[in-house]
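Everything on this sheet refers to the single structure shown next.
The values are calculated or read from the model by the stated rules, or taken from the named source; none is laboratory data. Since we're looking at a predicted model, the values are computed, not measured. With ideal geometry, Cβ positions are generated from the backbone for all residues, glycine too; neighbour counts draw on all protein chains shown. Protein only, heavy atoms only, side chains kept; ligands, DNA and RNA dropped before computing areas. Shrake-Rupley method; radii C 1.70, N 1.55, O 1.52, S 1.80 Å.
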Amino acid sequence: MLEVLFSLVFVLFIVYAQSSWVIILSWVALVVLLLPGLYSMIKGAPYIPSTKNRIEAILKLGDFGEGDRVIDIGCGDGRVIRAVANGGVGSAVGVEFSIPTYLLAKIQSKLRGKGEKVYYKDFWKMGFSEHDVIVCFLLDSSMKEFEEKIWPNLAKGTRVISNEFQMKGVETLDREGQVFLYVKK
Ligand SMILES: C[S@@+](CC[C@H](N)C(=O)[O-])C[C@H]1O[C@@H](n2cnc3c(N)ncnc32)[C@H](O)[C@@H]1O
């Protein structure tokens with residue numbers, strides 16, 4: 001979503017710039033910006049930040065403690081992982097693949113973070129053996145893919161907290177409204 005706004009700026013450069021260098025660089029920036037954003041939207045979910053109520057529900061269901069290593073896959077601007085880190089956990093990590101959204105999360109974590117780490121990564125291409133809790137806010141289609149590809153490989157005891165979208169073939173252990181908790185058996 002954010003990349004759409006940034007892209008409009010580059011489109012204006014392309015349309016109105018006088019220098020061919022500015023036009024070429026604007027095209028390059030446009031492609032570099034748009035491709036990961038499009039991939040994230042299609043393969044994961046567009047950037048829609050969790051509301052305050054949903055973040056509270058995630059914290060309640062997570063009941064996080066010092067020993068928990070929490071990751072938000074597709075962390076957006078990092079608001080969820082910051083809230084998790086604020087409460088005190090073993091580690092709080094956010095991964096994001098859309099460039100502007102990643103930068104937003106990274107800058108905020110540097111400026112007023114509580115120790116959370118934000119990485120530029122595609123969560124479909126990573127392992128989760130170093131995490132006990134996975135938080136996500138994806139889509140029905142990507143949640144189905146998560147259930148098929150990531151869920152079977154998680155270690156026993158790993159918790160998954162999903163905002164809005166359910167894993168339809170996995171028993172829900174608990175829920176707070178539209179936020180769902182799963183535990184790998
Ligand atoms: C609905 S937003 C949720 C943002 C944040 N977790 C929250 O709850 O406020 C989904 C985010 O996932 C990111 N995303 C989608 N696919 C991704 C992927 N394969 N790897 C990393 N991030 C991805 C999107 O760019 C978007 O920012």
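Assorted remarks:
- In region 64-82, the residue that is farthest from the ligand (Cβ to nearest atom) out of those that are farther than 19 Å from S129 by Cα and open to solvent by 20 Å² or more (accessible area, probe 1.4 Å) is R82.
- Residue in region 3-16 that is under 27 Å from D72 (Cβ atoms), out of contact with any strand residue (DSSP E or B) (no Cβ under 8 Å at 6 or more places or on another chain) and open to solvent by 90 Å² or more (accessible area, probe 1.4 Å) present: yes
- The residues of region 17-31 that are surrounded by fewer than 18 Cβ atoms within 10 Å (Cβ to Cβ) and in contact with a helix residue (DSSP H, G or I) (Cβ under 7 Å, 6 or more places away or on another chain), listed by number, are A17, V22, I23, W27, A29.
- Scanning region 87-126 for residues that are away from the ligand (no atom under 14 Å from the Cβ), under 24 Å from L61 (Cβ atoms) and out of contact with any strand residue (DSSP E or B) (no Cβ under 6 Å at 6 or more places or on another chain) gives G87, G88, G113, K114, G115.
- Residue ID - most open to solvent (accessible area, probe 1.4 Å), chosen from residues in region 135-148 that are within 16 Å of V183 (Cα to Cα) and away from the ligand (no atom under 11 Å from the Cβ): E148
- Summed over region 44-63, the residues that are over 12 Å from the mean Cα position of the chain (by Cα), within 12 Å of the ligand (Cβ to nearest atom) and open to solvent by less than 70 Å² (accessible area, probe 1.4 Å) give a count of 4.
- So V28, is it farther than 24 Å from E145 by Cβ, assigned to a helix (DSSP H, G or I) and free of Cβ contacts under 8 Å to residues at least 40 places away in the same chain: yes
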